[in-house]
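The values are calculated or read from the model by the stated rules, or taken from the named source; none is laboratory data. Note that this is a predicted model, so its numbers are computed, not measured. Positions of Cβ are generated from backbone atoms using ideal geometry, with glycine treated the same way; all protein chains shown enter the neighbour counts. Side chains are part of the model used for accessible areas, which takes the heavy atoms of the whole protein and leaves out ligands, DNA and RNA. Shrake-Rupley method; radii C 1.70, N 1.55, O 1.52, S 1.80 Å.
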Amino acid sequence: MKILIDGRGIKKTGIGRYIENTLSEVLKLDNVNTYILLVKSSDKKNINISAANLSYVVADADWFGLKEQTELLKVINKQQPDLVHFTNFNFPVAYKGRFVITIHDLTLLHFKNLKPSPMYRAYYLFKEQIMKNVVLKRGITKAQAIFVPSEYVKEDVAKTFKVRRNKI
């Protein structure tokens, strides 16, 4: 199998550690499948993971932006992966291939971070609705599996989105 991993956040705290450690451990266990790690060009030279079955592809689309929905989709489709691991819940919603996602938590849904500016508040609420009602729902519905870091997050995702626990 050709497995593509969204590693655009590999040098961020938290999610970056998850990406780096998960990939390192998977590569220790699996030398049969081919892995492609999507990385930002600014991070590529700072990644210390190597394996005969691992290659890097640059994808400079930021999270939660228009480029993620357009340019990232083109980069992924060009690689023709058998499976994609989106290491955060955000992904190109038009992607039609097989994928799994990781949902680290639902903090953004449960705790609002509204700034006092009415303009910002409207924009934030709009983005929140797109995130929850389009991106998260589509990811949960279309993903082959959903990875979570804890039983608490598993229960939260299952209850919030009415998804089968055996998919998580």
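Kindly state, to the nearest 0.05, the FRET efficiency for Met1 paired with His110, given R0 = 41 Å and r defined as their beta-carbon distance.
Details: r = 36 Å, r/R0 = 0.87.
Step by step, r from the Cβ atoms, then E = 0.70.
Determine the calculated [θ] at 222 nm for the chain from helices alone, applying -39500 (n - 2.57) to every DSSP H run no shorter than 4 residues and normalising by the residue count; nearest 500 deg cm²/dmol.
Details: 8 runs with 66 residues, N = 168.
Result for the chain, helices only: -10500 deg cm²/dmol.
Students sometimes get this wrong: rank Tyr124, Tyr56, Tyr95 by accessible area, probe 1.4 Å, all chains present, largest first. Could you put the intermediate results ahead of the total?
Values: Tyr124 35, Tyr56 65, Tyr95 10 Å².
Greatest to least solvent exposure: Tyr56, Tyr124, Tyr95.
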- Rounded to the nearest 0.05, FRET efficiency between Val93 and Glu155 (Cβ-Cβ, R0 22 Å) equals 0.30
- Message: Using 10 Å bins from zero, what percent of all Cα-Cα pairs in region 32-98 falls into each bin?
- Response: 19, 54, 26, 1
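Which of Lys40/Lys154; Lys28/Lys154; Lys78/Lys142 have a Cα-Cα distance over 23 Å?
Result: Lys40/Lys154; Lys28/Lys154 exceed 23 Å.
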- Which of the peptides 76-85, 7-16, 23-32 is most tightly packed, and how do the rest follow, judged by the mean count of other Cβ atoms within 10 Å per residue? 7-16, 76-85, 23-32
- In the structure displayed, which of Lys45/Lys159; Lys45/Lys137; Lys2/Lys67 lie more than 32 Å apart, Cα to Cα? Lys45/Lys159; Lys45/Lys137
- Task: Might you work out the accessible area of Thr70 for me, using a 1.4 Å probe with all protein chains in place, and round it to the nearest 10 Å²?
- Result: 60
- Note on the structure: Contour minus Cα-Cα span, Val58 to Asn31, at 0.36 nm per residue, comes to 7.5 nm
- Task: Round to the nearest 10 and report in Å² the accessible area of Phe147, as given by a 1.4 Å probe over the protein chains' heavy atoms.
- Result: 90
- Item | Computed magnitude of the charge dipole of region 16-56 (debye, nearest 20; Cβ of K, R +1, Cβ of D, E -1) | 180
